[in-house]
1. Within the stretch 100-115, can one find any residue that is part of a strand (DSSP E or B) and buried (at least 19 other Cβ atoms within 10 Å of the Cβ)?
2. Restricting attention to the stretch 201-223, and to residues there that are surrounded by fewer than 20 Cβ atoms within 10 Å (Cβ to Cβ) and assigned to a helix (DSSP H, G or I), which single residue is modelled with the highest pLDDT?
3. With a cut-off of at least 2 residues that are closer than 30 Å to residue 429 by Cα and free of Cβ contacts under 8 Å to residues at least 60 places away in the same chain, name the helices (runs of 4 or more DSSP H) lying wholly within the stretch 284-359.
4. Between a residue in the stretch 439-460 that is closer than 14 Å to residue 427 by Cα and any residue that is at pLDDT 80 or above and loosely packed, with under 12 Cβ neighbours inside 10 Å, which pairs come within a Cβ distance under 7 Å, given they are 6 or more apart or on different chains?
5. What single numbered condition from (1) surrounded by fewer than 21 Cβ atoms within 10 Å (Cβ to Cβ); (2) closer than 15 Å to residue 315 by Cα; (3) in contact (Cβ under 8 Å) with a residue 24 or more places away in the chain fails to hold for residue 263?
6. Test of understanding: among 6, 10, which residue is touching a helix residue (DSSP H, G or I) at 6+ places or on another chain (Cβ under 7 Å), at pLDDT below 90 and assigned to a loop (DSSP other than H, G, I, E, B)?
7. Can you tell me how many residues in the stretch 24-46 are in contact with a helix residue (DSSP H, G or I) (Cβ under 6 Å, 6 or more places away or on another chain) and closer than 22 Å to residue 79 by Cβ?
8. Condition test on residue 19, is it at pLDDT 80 or above, buried (at least 16 other Cβ atoms within 10 Å of the Cβ), outside any helix (DSSP H, G or I) and assigned by TED's automatic domain parsing to the domain that holds residue 133?
């Protein structure tokens, strides 16, 4: 007989033997041995304890996904132990066993958040289904948290779109390293798609857990440790209940640490310890828990320079910089701009409920000529504005260029100095490509070379 506390679940066809840990707590040796032998056929980590005291010792040493606990035991009862464990922040699923069930007892275990109350004697199939239900509940809880995190960060991202050589190279790199367990460091300007690259790495890996993104710059310094590692009840002011951290939600998957350079130095030290030991400790807890998490970190600053300035730990940098991916700025892949713009037009017109538009040759030239300081994110905003205001990209970008150049050059500059400065700026925008710079300036390559020669000689 089984009294179900939560909704029933069908028995899954398989479980990862490596990812699920079960603890059986019963003072009867026969029950312990029977359950351990039966469940070990399906789960690789099945531990046993003969008392609440022994169970607590084991729980302090390692994490368990499911606790199977006899209610009535000599000394501390199973209900008393679980109540104490919950107070200290134990997140494990609980199945109670008893030979003497009544309504009040069922209510008590319900208040403790138990998943099942199973009456002895029972069939092993009952216990298997109860364990499967617990693991499914835990999986759904994690997935719900991760989905909430992802939805809160959703910004109509594009995927790694682009046919330029640099983007092809980036995709090839991701394909080569995706299945490796090594840490990855992604560097690139804001808006270049670092999170999308991290997600692509996770999706092409063989990791069964979730992809959990976190913006380190958005975390309050005093809450960073709690957000990453979790906390127990009463660990600090307003910690009214225990909470698992982002590392726990990413267990078996990938944790994406965006803007890693913004982590406080004290937190960098604790992150280094996790990377070295593979264990985390919740704030206020007295034990470490093992985690299996792949770290992908990202920064819009050079971490090597941050190390040189003392703003980032050198040992952590080398721990993160096992594999490095540098994402190009949009101005470095201008051939992809029109393709990206067309993608945004198709996507955003549907989301906004407005008619799409076609890019004229003039629009395409304006999009490719613009410097894109905000990268792909700025391009998406420009297209959205065009759709809502019924303007063309050429109109908006002309206004933006006019606004950016409204300050002009100092009035005391001679005309030749202004021409020098303008040519140098165009060359910089074109990454030193003189042919492209000449086209943008509306002159021949020969004229550009002549003007550059005269400029170096001070002749214009």
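1. Residues of the stretch 100-115 part of a strand (DSSP E or B): none.
Checked against the condition, which is being part of a strand (DSSP E or B) and buried (at least 19 other Cβ atoms within 10 Å of the Cβ), the stretch 100-115 yields no hits at all.
2. 203
3. Numbers: elements: 303-308, 314-320, 337-352.
In the stretch 284-359, the matching helices (runs of 4 or more DSSP H) lie at 303-308, 337-352.
4. 445/435
5. Only one criterion in (1) surrounded by fewer than 21 Cβ atoms within 10 Å (Cβ to Cβ); (2) closer than 15 Å to residue 315 by Cα; (3) in contact (Cβ under 8 Å) with a residue 24 or more places away in the chain is unmet by residue 263, namely (1).
6. Values: 10 fails: touching a helix residue (DSSP H, G or I) at 6+ places or on another chain (Cβ under 7 Å).
That would be 6, the only listed residue that is touching a helix residue (DSSP H, G or I) at 6+ places or on another chain (Cβ under 7 Å), at pLDDT below 90 and assigned to a loop (DSSP other than H, G, I, E, B).
7. To start, the set of residues in the stretch 24-46 that are in contact with a helix residue (DSSP H, G or I) (Cβ under 6 Å, 6 or more places away or on another chain) comprises 24-26, 38, 46.
Filter once more, so that each one left must be closer than 22 Å to residue 79 by Cβ: 24-26.
Residues in the stretch 24-46 being in contact with a helix residue (DSSP H, G or I) (Cβ under 6 Å, 6 or more places away or on another chain) and closer than 22 Å to residue 79 by Cβ: 3 in total.
8. On the way: at pLDDT 80 or above: no; buried (at least 16 other Cβ atoms within 10 Å of the Cβ): yes; outside any helix (DSSP H, G or I): yes; assigned by TED's automatic domain parsing to the domain that holds residue 133: yes.
For residue 19, the condition - at pLDDT 80 or above, buried (at least 16 other Cβ atoms within 10 Å of the Cβ), outside any helix (DSSP H, G or I) and assigned by TED's automatic domain parsing to the domain that holds residue 133 - is not met.
The values are calculated or read from the model by the stated rules, or taken from the named source; none is laboratory data. A quick note: this is a predicted structure, and the numbers were derived from the prediction, not measured. Note that each Cβ is placed from the backbone with ideal geometry, even for glycine, and that neighbours are counted across all protein chains shown.
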